[in-house]
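The values are calculated or read from the model by the stated rules, or taken from the named source; none is laboratory data. Keep in mind that this is a model prediction, so the values were computed, not measured. Ideal geometry is used to build each Cβ from the backbone, glycine not excepted, and the neighbour counts take in all protein chains shown.
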Amino acid sequence: MQEATLTRRSFVKAATIAGAVLAGGSALTGCLQQGGSDGGGGGTQVGGRVFYNSICHGCIQACPCKVYVEDGVVVKIEGHPDAPTNLGSLCLKGLNQIHTCYSPRRVLYPLRRTGARGAATAAWERISWDEAVELAAVKIAETIEKYGTYAFFCSVGGGGAYSFMQAMTTPMALGSPTVFEPGCAQCYLPRITEAAYMYGGADQSIADCAVLEPFKGLAPLEEAKGVTQDTKVLVLWAAQPSVSQTAQSGRGMAELRARGCKTIVVDPNFSPDAVKATIHLPVRPGSDAALILSWYRVILDEKLYDEEFIKFWTNMPFLINPGTKLPWLAAEAIEGYTIPADMPEDTPVYLCVDENTGQVAPLPFGDPAKVKATVNPQVLATATVNGAESKSAAQIYRDEAEPWTLARAAEFCWVPEDRIRAAIDLYTGAEVAGIANGVASDMEETASQVPVGLMGLDMIMGYINKPGATMTQNGPLPAEGEAPRPTMFWNGFGGMFGQMYGIGYEVGATKEANEARIKAIEDGTNPEAPPFQNGPTLFAMNQLLLDRLGMKNHRGLYNWCHSHIPSVREAIETGEPFKPRVWFDMSGNKFAVLGSAGAWYNAIMNDGPEFIICQYPMITSFQIEVADLIFPLEEWLEATGASEFGQLNYGFPSPGVIHLGETVPNSVPPKRVVDAASVLLNEKLDSVTFGATGKSMTEMELQFPLGLGVMGGINSEEEVWATQIAAYGGVLGLDEGATREDYLEAAKNRADAYNVTPPDQYWTYGQHLVTANDGLPMGFATESRKCEVYNTLHIKLSRTGWPYCYPRELGPIDPRAGTWGGDYSPICNVPVQKEVPEIANGGDFVAPYDPEFPLAITSGRVYYFHHGTMRHAPFARELYPAPFVRINPATAAQYGIADGDWVEISSRRTQGSEYVKGTGLELSYSGTKEQNTKTAEPIRTIAYVAEVVAPGVLWMERFWNPECFDSSQPNKTGGWQECNVNVITNAIDCNFNEVFGSYTNRGFTVNIKKSERPANVWIEPREFEPFMPTTANEYVADIGVARDNKELLTPIVEFAATEGGA
Amino acid sequence: MPTTDCAFEERFSTSCDLLRANTLNRPILYKILKACAVERMPLFELELFIGEQPEAQSATQPPYFLIQWLVDAGSLDVYELDDEGVDVTDERKEGLSEDEIDDLIFETAYRTNEVGLAVLGEFDPTARLKTLFETVPERLSTYAELLSFLEEPRAYVEVDALLRGRDILMLGRDEGDRPLQPSVFLDKLAAAGGIVWSEGWIITDEGKELLEAIRTEEE
């Protein structure tokens, strides 16, 4: 970075962001800053300033923007006017990226802990990169030599510096099955996975950019090309895009509503999207599944579904064998049945009741126009097959929905009956509509039930692969008659582990094809297999799947190759079945984002992991409390991203335009550490045990790193620049051999430096109707080739671990874990909610009411922050200094609480261990695994009293307070205990979701009372001065050093409120 | 930051937390307290002693920092001595400049105080091993066999080969659970102070004492 001469204050004056953010603060309704239009033809150089096209990384969406650099310092960010959804806007999270990048809390050099663990004693020394890599590698190699490969583990997630692929593959490269991420089962994994199980297509998440169709045709540039906006009715279920992704899908929602799209918002919170909704259903936290079943009841009874789609493109008419809970196959049920000659082996024929004859009949897959000539499948049906009364999948769904009349749903879910009815009518009455399902549902017991139910609704309505629907696919259509029927390969993100190591079953392909693939890998006869894909590697990777923590019961986690978080914590606490010992955490503040944070803190600080390696751009609660070594990572403005960033059909570059200290891309440390550890370990292959085999690596014919090592791991920034130049060099007129410097010179002030995919190659529909190379319609990537509203994969997964564990198997799940007679439920059902307020007519669907904790709480995001990021951004903290708990005036009055009061919130996690062990899993159903539920003290927050939640409901944002370990604090703390809702969430003894093991971040119970501001928490704007950005390329304040040893810590790492950074 | 002005209970709690939270350093922190419990140890002797201990191989910090952690936690007292080994007290420093004080102090020495002695009791390997053996009595014979096996240094692969496939690895596990890894037994014995890594797993003196006691009882 060029040497800067600005003082901290003059820096801020120079940065136009200051005015923009303050303006945002005075007009919070939009929380957007509008950028000026350059007409796409290149910008005007202002003084010494230049700008570069880039993509904001303030949240998980990707808003195209322009980054202005002056004298080597980023001074301004604004939305790119040509961006198709944010349309020139940028939200507070994006604008505040300058404060993040230049924060005095940045880690700019490798740091080694010199003080004892704990925020009060934290001290660091700067070391060289070589020293840091060697230290990490030595500690990893030492523990693996002492305890075997399972002693090493990784984690990721929590906001910023995402390293998903690296985190998933780093432990596997070193022979360990353990990796976790606080999101995952609690964020997006359930929705993306159920979409894969049910139809093999895009899921219903707006936040994760799966739902794109509603935002099509909003941009003037696209309208001019004739692209139309087709979504007329949109259901936002447990999603608040205007807050979570303000500039992109939030702006998109505003544009959508302005164009007349009607919206139904299902959310306990009166969010900005709920305020503008046509119909708002303020569902009681955690009761969504019952509400969904009430929709099914009405739609099935009144035949509001799309008749042709439900009959011929879903498995709802299939008769289900009550013994196996799987659809009857014609060949197994009908003696002498011969599969039609034109039906390929990879496409089974099932049974249904023929509505025309009333008899059981085979239902072959095919073009509905042809199939209906022979059979007319009945949707709601019951018939006797081989002596067993067998219901159609739709009938099973209808039976499950029986209790959920509109009246009872209203009573159970706290939503007026007429409003539920109006919502159903609006949704079903549209020519095409779609549901967008947000993160809230992932954070409850119903993490699998809700997405299964909501995707099933769009499926039975036929809202699939159509203009205006949310479940659509993008990209060129396959040519007619050329492509094979769709299949799905499993394990890892998008099946990457299947592709890497060969493990897993390719769903949709025949058993013979799968067996042949595996055999060729084992024999080494597969000519296309890479050198590392061989029998020993396949066996080793398969073993890791079997031994992964928590897979006994929660196998949906396989889809991202992640462990069950409470099971990892339990293993750390108990040392069984093996103890994770050396930890490489790759992003975020784990104490802010892990449920039951106090339990994690206790686990670490009581004979916990022996060495903790972190990589992150910031010092957060986690690093200050427990990190032993920190690798410095680039923030967005420094980081050159991958080539695929974009918004809709627009691809924008992501060049690193500045560089601070010795920071690196997040893919560098894992690669360097794994390579270095591998060198050490490969010298001892005879004495290093591969976990769970009792064999040495030599006996296993393996060496480190296993497989291809760290996926996405790189040694230097040049490698990512090469992909950036390959993707965007063309539009800038650069040759293939161009350098970073060439790019930055050519891209200067070029507003047109982006790529656009032609609309007709991107917005495509009817994929399932295209003719495959077997002459049949393509259909979907499921075994049945249809949308599996009745999720058959759940049944198989819960019994053997199929398709992930193939070619080996796990035994069945613990029958207490499954809500469908001991299996995972194939349809939406209402599992027992463990912590609930007093519910009238709750029946067996809720656990007994606990009057000590009478209020339901849920949580969500606010405009200013994403996940655990940016609490150190001073202007964001000025606007939102501490978390507010939203409380209805009636409830507030009941508890003597006024608007603006500090209040204390308690839950079972803060209130002692006398907890009745009930229906929970793992930690609660085994009498031998008693768990003290008191893991921390109650949290404190500020009351926001308004009609924004129902009486008896609270809502708050998770939080952490970096000021708590500022040098000015006389008693430093880690800042995660004071105001953090995750202290009270339940990841201990809740009813973990059966498929994914999701714990309960939302929809549990608490108590509230008046309290006082916590000692270390800042509120007043001037208090945040120490967080003001600095251009000094060094640390400028202290967080404590070992007493009297300052001269030994060179240079001293300090974090004080020193004026003038440079 | 704890100081020696704090009450006994607070310093005891802080010191115990220090040992519990800093897993890799715990064995050597314990040994420092134990070494300084007998008599004052000058810094250079103490650093030399630490360097000779196998537990120091795994420590994450240089000896001086570890000593200082214990001082900060309030379980190790520090003494400043002149070149004749006499204490440089606050009274002797009175009226002297900083440079004169520096000239006066020849070395520092350390002594485990009453808090440190209580910490030694809390983390006493013999007591911890007994507790470990009593917690799951069914595992006692395996612990004893393993301690005996580790009377000479062993690699983990040898320990794994010894225990792999045994029923004890499924003790207390529910049906369908994965078995315990053999490393569990090493982990628990090492945490209690019964074994240590020194170019291989090897029994400690305290481990030997307990093993002898078990053998005697069996006879």
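Residue check: is A:Ile299 in contact with a Ser or Thr (Cβ under 8 Å, 6 or more places away or on another chain), assigned to a helix (DSSP H, G or I) and β-branched (Val, Ile, Thr)? Yes. If you go through the range A:569-605 and keep only what is of a type in the set (Val, Ile, Thr), within 14 Å of chain B (Cβ to nearest Cβ) and part of a helix (DSSP H, G or I), you end up with A:Ile572, A:Thr574, A:Ile604.
Take A:Leu637 and decide whether it is in a helix (DSSP H, G or I) and among the aliphatic types (A, V, I, L, M). So A:Leu637 fits the description; yes. In the range A:420-438 there is at least one residue that is out of contact with any Lys or Arg (no Cβ under 8 Å at 6 or more places or on another chain) and acidic (Asp, Glu).
Here B:Gln57 clears all of (1) at pLDDT 95 or above; (2) touching a strand residue (DSSP E or B) at 6+ places or on another chain (Cβ under 9 Å) except the condition numbered (1).
Within the range B:67-92, if we keep just the residues that are of a type in the set (Gly, Ala, Ser) and surrounded by 18 or more Cβ atoms within 10 Å (Cβ to Cβ), the residue that is nearest to B:Ala7 (Cα to Cα) turns out to be B:Gly74. Report yes if B:Arg139 is in a helix (DSSP H, G or I), more than 14 Å from chain A (Cβ to nearest Cβ) and surrounded by 13 or more Cβ atoms within 10 Å (Cβ to Cβ), otherwise no. Considered against the rule, which asks whether it is in a helix (DSSP H, G or I), more than 14 Å from chain A (Cβ to nearest Cβ) and surrounded by 13 or more Cβ atoms within 10 Å (Cβ to Cβ), B:Arg139 comes out as no. Within this structure, B:Glu134 fails the test of being in contact with a Leu (Cβ under 6 Å, 6 or more places away or on another chain) and either under 18 Å from B:Arg215 (Cα atoms) or not assigned by TED's automatic domain parsing to the domain that holds B:Ala192 (or both).
Taking first residues from the range B:105-117 that are free of Cβ contacts under 8 Å to residues at least 60 places away in the same chain and partners that are in a loop (DSSP other than H, G, I, E, B) and of a type outside the set (D, E, K, R), the Cβ contacts under 6 Å between residues at least 6 apart in sequence or on separate chains come to B:Ile105/B:Val88. Looking at the range A:691-699, can you tell me whether even one residue there is under 19 Å from A:Trp636 (Cβ atoms) and buried (at least 20 other Cβ atoms within 10 Å of the Cβ)? There is no residue in the range A:691-699 that is under 19 Å from A:Trp636 (Cβ atoms) and buried (at least 20 other Cβ atoms within 10 Å of the Cβ). The residues of the range A:734-788 that are of a type in the set (Gly, Ala, Ser), farther than 30 Å from A:Pro451 by Cβ, modelled with pLDDT of 95 or more and surrounded by fewer than 17 Cβ atoms within 10 Å (Cβ to Cβ) amount to a single one, A:Gly775. Is it the case that the range A:810-830 has a residue that's over 30 Å from A:Glu402 (Cα atoms), more than 14 Å from chain B (Cβ to nearest Cβ) and in contact with a Leu (Cβ under 7 Å, 6 or more places away or on another chain)? No, that holds for no residue.
Of all residues in the range A:209-221, those satisfying the criterion of being at pLDDT 95 or above and part of a helix (DSSP H, G or I) are A:Glu213, A:Pro214, A:Phe215. Restricting attention to the range A:900-916, does a residue exist that is touching a Lys or Arg at 6+ places or on another chain (Cβ under 8 Å), at pLDDT 90 or above and part of a loop (DSSP other than H, G, I, E, B)? Yes: the range A:900-916 contains one or more residues that are touching a Lys or Arg at 6+ places or on another chain (Cβ under 8 Å), at pLDDT 90 or above and part of a loop (DSSP other than H, G, I, E, B).
Quick grid of which residues meet (1) facing another protein chain (nearest Cβ under 8 Å); (2) closer than 19 Å to B:Glu138 by Cα; (3) at pLDDT below 95:
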{"site": "B:Pro153", "(1), (2), (3)": "no, no, no"}
{"site": "B:Tyr156", "(1), (2), (3)": "yes, no, no"}
{"site": "B:Gly165", "(1), (2), (3)": "yes, yes, yes"}
{"site": "B:Asp187", "(1), (2), (3)": "yes, yes, no"}
{"site": "B:Gly193", "(1), (2), (3)": "no, no, no"}
{"site": "B:Gly207", "(1), (2), (3)": "no, yes, no"}
{"site": "B:Ala213", "(1), (2), (3)": "no, yes, yes"}
{"site": "B:Glu217", "(1), (2), (3)": "no, yes, yes"}
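If you check B:Leu120 against the conditions, is it over 27 Å from A:Ala571 (Cβ atoms), surrounded by 14 or more Cβ atoms within 10 Å (Cβ to Cβ) and under 15 Å from the mean Cα position of the chain (by Cα)? Yes, satisfied.
Surrounded by fewer than 24 Cβ atoms within 10 Å (Cβ to Cβ) and touching a Lys or Arg at 6+ places or on another chain (Cβ under 9 Å): is that true of A:Thr510 in this structure? No.
For the range A:178-186, check the following and say yes or no: at least one residue is of a type outside the set (D, E, K, R), buried (at least 24 other Cβ atoms within 10 Å of the Cβ) and over 26 Å from A:Met455 (Cβ atoms). Scanning the range A:178-186 turns up at least one residue that is of a type outside the set (D, E, K, R), buried (at least 24 other Cβ atoms within 10 Å of the Cβ) and over 26 Å from A:Met455 (Cβ atoms). Taking the criterion of being outside any strand (DSSP E or B) and among the basic types (Lys, Arg), the residues of the range B:90-136 that qualify are B:Arg92, B:Lys93, B:Arg128, B:Lys130.
Of the residues making up the range B:158-196, those that are outside any helix (DSSP H, G or I), out of contact with any Leu (no Cβ under 9 Å at 6 or more places or on another chain) and buried (at least 18 other Cβ atoms within 10 Å of the Cβ) number 1.
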